[in-house]
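Notes follow once the structure below has been shown.
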Amino acid sequence: MSFTAIIQQVVEIFNISILIFAVFIMSSYLILGLISIRSLREYLRNNEFINYNVLLSSENSPSLSLIAPAYNEGKTIEENIQSLLSLNYSNYEVIIVNDGSKDNSMEIMIKTYHLEIDPDFQFPPHLKAKEIKGIYRSKNPAYKKLIVVDKINGGKSDALNMGINISSKPYIVCIDVDCIIEKDALLKMAKPFMENINGRVIATGGVIRIANSCKISNGRLVEVNVPETFIPRIQVIEYLRAFLLGRMAWAKLDGLLLISGAFGMFDKQIVIESGGYDHNTVGEDMELVMRMRRYMIETNQKYIVSYIPDPLCWTEAPDNFSILRRQRSRWTRGTMESLWKHRIMFLNPRYKLLGLLSFPYWLIFEYFAPLIEFFGLIVTLLFFAFGLINLKFFCLLLLFVYSFAIMVSTLALLTEEYTFHQYPKIKHYFQLLLVAIIEPFYYHPFLVYSALKGNWEKIKGIKTWGDMTRGGFTKK
């Protein structure tokens, strides 16, 4: 076989491989989307006539400890705590863990909520964490639910573990302090813990939405708007796809590997028995869920990881590429660390669908996909340079992938419209559709770059989070 024939065969194999990969990944997105839509319809039908006020007064409602690590959150800390203290729930406490903030977070909390050190506060050291500077309670009875822990900086995992030690309730809700929680969020999150009889509910996840440009009053979201700037606006589409068309399906299949660190409820006993949050990863939310699921399987206990599709939690998304890059490269490092630490699950039938489907999916489509895209781009450019690419085939493939990307984003928007309808104005959907059309050419390449950066940072041994500067919410 001549050298030219070999080259042509290599190019043909490359083209077919790219086509197969594209079809494979698009088919998986479509299947997951259809499963999610069916599950959403089932969820809405089953919960249409539920009176959550009954749960509010029920003696069987689980007691909760809300744990919110805070690091340099001075711009939003007052509204965030107010939001947490005013939730519709009968038996809960709020634990704010100030993880060595360098700004005025502690001063704001002490002044606003009339805090003073409680020298008699005792707690069991279930989980290892950095030293505490002081534990504060409020002198004002209106804030009796609030506990503020001031500690040496140790990272988010360390702060969460200290919050778990401090907590006095059997269930914990781990949240990002910069989030705004819907008033009935705890009622909806607690419901699965009260009703499932097929196994012990060890965790419940909720949907995260983007709060940029939304109006906040007294810690409550009072007006939902589409973000005014491009980067947060395009993240609305991204989050809709991830939460409505992705995680809903994995929850239905019992293959959910991730509950967002921004808002999740857990069985404290199982968290402690599993070892708490890992200090050695920046993907502590994913790693904990994987470890809890492994623990339940390896100890032969029946369990359930539930998921609530209601828009319960609103967070401020990064509004510039610098902060967004740090966030996404950190997500890549966290995914790498979690998958590597639990690599025993890969294609292991002992872990059932988790090992045979969920883990391979995350490995290929969440971790390897950006690397494959980058490699494919480099090879394609080389083929172009040497005149080896079939231009017609390439253009058709590009159009195929682009059209599918727009279809998935449109499907996510339609699903949002016909389920929770959070954006009341028709112009909101046109604004979101416009950025969806731009996304594949402008935003997606940046995500690929961020993933590559995350791989490089992992190789260099970088373990820090990086500063996530907040702009603050729009007040009404």
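Structure above, values below:
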quantity	calculated
Enumeration of residues in the range 306-331 that are of a type in the set (Val, Ile, Thr) and either part of a strand (DSSP E or B) or within 22 Å of Arg294 (Cβ to Cβ) (or both)	Ile308, Thr315
Test set (1) under 22 Å from Ser167 (Cα atoms); (2) touching a helix residue (DSSP H, G or I) at 6+ places or on another chain (Cβ under 6 Å) - Glu273 fails condition number	(2)
Filter result for Glu287 (surrounded by 23 or more Cβ atoms within 10 Å (Cβ to Cβ), of a type in the set (Asp, Glu) and not in a loop (DSSP other than H, G, I, E, B))	yes
Out of Phe14, Phe24, sole residue that is more than 29 Å from Arg247 (Cα to Cα) and either part of a helix (DSSP H, G or I) or without any contact (Cβ under 8 Å) to a residue 40 or more places away in the chain (or both)	Phe14
Evaluation of Leu244 against (1) surrounded by 23 or more Cβ atoms within 10 Å (Cβ to Cβ); (2) without any contact (Cβ under 8 Å) to a residue 60 or more places away in the chain (one fails), failing number	(2)
Test for Leu356: is it more than 21 Å from the chain's Cα centre (by Cα), farther than 17 Å from Val201 by Cα and of a type in the set (A, V, I, L, M, F, W, C)	yes
Qualifying residues in the range 81-90 (those that are buried (at least 20 other Cβ atoms within 10 Å of the Cβ) and part of a loop (DSSP other than H, G, I, E, B)) - the one farthest from the chain's Cα centre (by Cα)	Tyr89
Those residues of the range 91-109 which are surrounded by fewer than 20 Cβ atoms within 10 Å (Cβ to Cβ) and either of a type in the set (Phe, Trp, Tyr) or under 13 Å from Ile147 (Cβ atoms) (or both), in sequence order	Glu93
Long-range neighbours under 9 Å by Cβ, at least six apart or interchain, first residue in a helix (DSSP H, G or I) within the range 413-424, second small (Gly, Ala, Ser)	Leu413/Ala436; Thr415/Gly33; Thr415/Ser36
Leading residue by the ranking (nearest to Glu93 (Cα to Cα)) among those in the range 127-152 that are surrounded by 16 or more Cβ atoms within 10 Å (Cβ to Cβ) and in contact with a Gly (Cβ under 8 Å, 6 or more places away or on another chain)	Val149
Residue in the range 353-360 that is surrounded by fewer than 17 Cβ atoms within 10 Å (Cβ to Cβ), in a helix (DSSP H, G or I) and among the polar types (S, T, N, Q) present	no
The range 381-412 - residue that is in contact (Cβ under 8 Å) with a residue 40 or more places away in the chain and polar (S, T, N, Q) and, of those, nearest to Ser27 (Cα to Cα)	Ser409
Matching residues in the range 100-158 - criterion: being basic (Lys, Arg), over 26 Å from His279 (Cα atoms) and assigned to a strand (DSSP E or B)	Arg137
Count - residues of the range 341-352 that are under 15 Å from Asp285 (Cα atoms) and either in contact with a Gly (Cβ under 6 Å, 6 or more places away or on another chain) or assigned to a helix (DSSP H, G or I) (or both)	1
Members of the range 45-70 that are surrounded by fewer than 18 Cβ atoms within 10 Å (Cβ to Cβ), part of a loop (DSSP other than H, G, I, E, B) and modelled with pLDDT of 90 or more	Ser63
The range 8-27 - residue that is surrounded by 15 or more Cβ atoms within 10 Å (Cβ to Cβ) and of a type outside the set (A, V, I, L, M) and, of those, modelled with the lowest pLDDT	Asn15
Condition met for Pro445 (in contact (Cβ under 8 Å) with a residue 40 or more places away in the chain and surrounded by fewer than 16 Cβ atoms within 10 Å (Cβ to Cβ))	no
Which listed residue is in a helix (DSSP H, G or I), of a type in the set (Asp, Glu) and under 22 Å from Asn218 (Cα atoms), from Glu78, Glu42, Glu73, Glu93	Glu78
Residue within the range 318-335 that is more than 25 Å from Ile462 (Cα to Cα), among the polar types (S, T, N, Q) and modelled with pLDDT under 95 present	no
Which numbered condition Ser2 misses (of (1) in contact with a helix residue (DSSP H, G or I) (Cβ under 8 Å, 6 or more places away or on another chain); (2) surrounded by fewer than 19 Cβ atoms within 10 Å (Cβ to Cβ); (3) not aromatic (Phe, Trp, Tyr))	(1)
Selection from the range 383-412 of residues that are over 27 Å from the mean Cα position of the chain (by Cα), small (Gly, Ala, Ser) and part of a helix (DSSP H, G or I)	Ala385
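Conditions tested, residue by residue: (1) surrounded by fewer than 22 Cβ atoms within 10 Å (Cβ to Cβ); (2) closer than 30 Å to Ala129 by Cβ; (3) modelled with pLDDT of 95 or more.
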{"residue": "Gly154", "(1), (2), (3)": "yes, yes, no"}
{"residue": "Ile164", "(1), (2), (3)": "no, yes, yes"}
{"residue": "Tyr171", "(1), (2), (3)": "no, yes, yes"}
{"residue": "Met194", "(1), (2), (3)": "yes, no, no"}
{"residue": "Asn198", "(1), (2), (3)": "yes, no, no"}
{"residue": "Pro227", "(1), (2), (3)": "no, no, yes"}
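The values are calculated or read from the model by the stated rules, or taken from the named source; none is laboratory data. These numbers come from a predicted model, not from an experiment. FYI the Cβ positions are ideal-geometry reconstructions off the backbone, even for glycines, and counts take in every protein chain you see.
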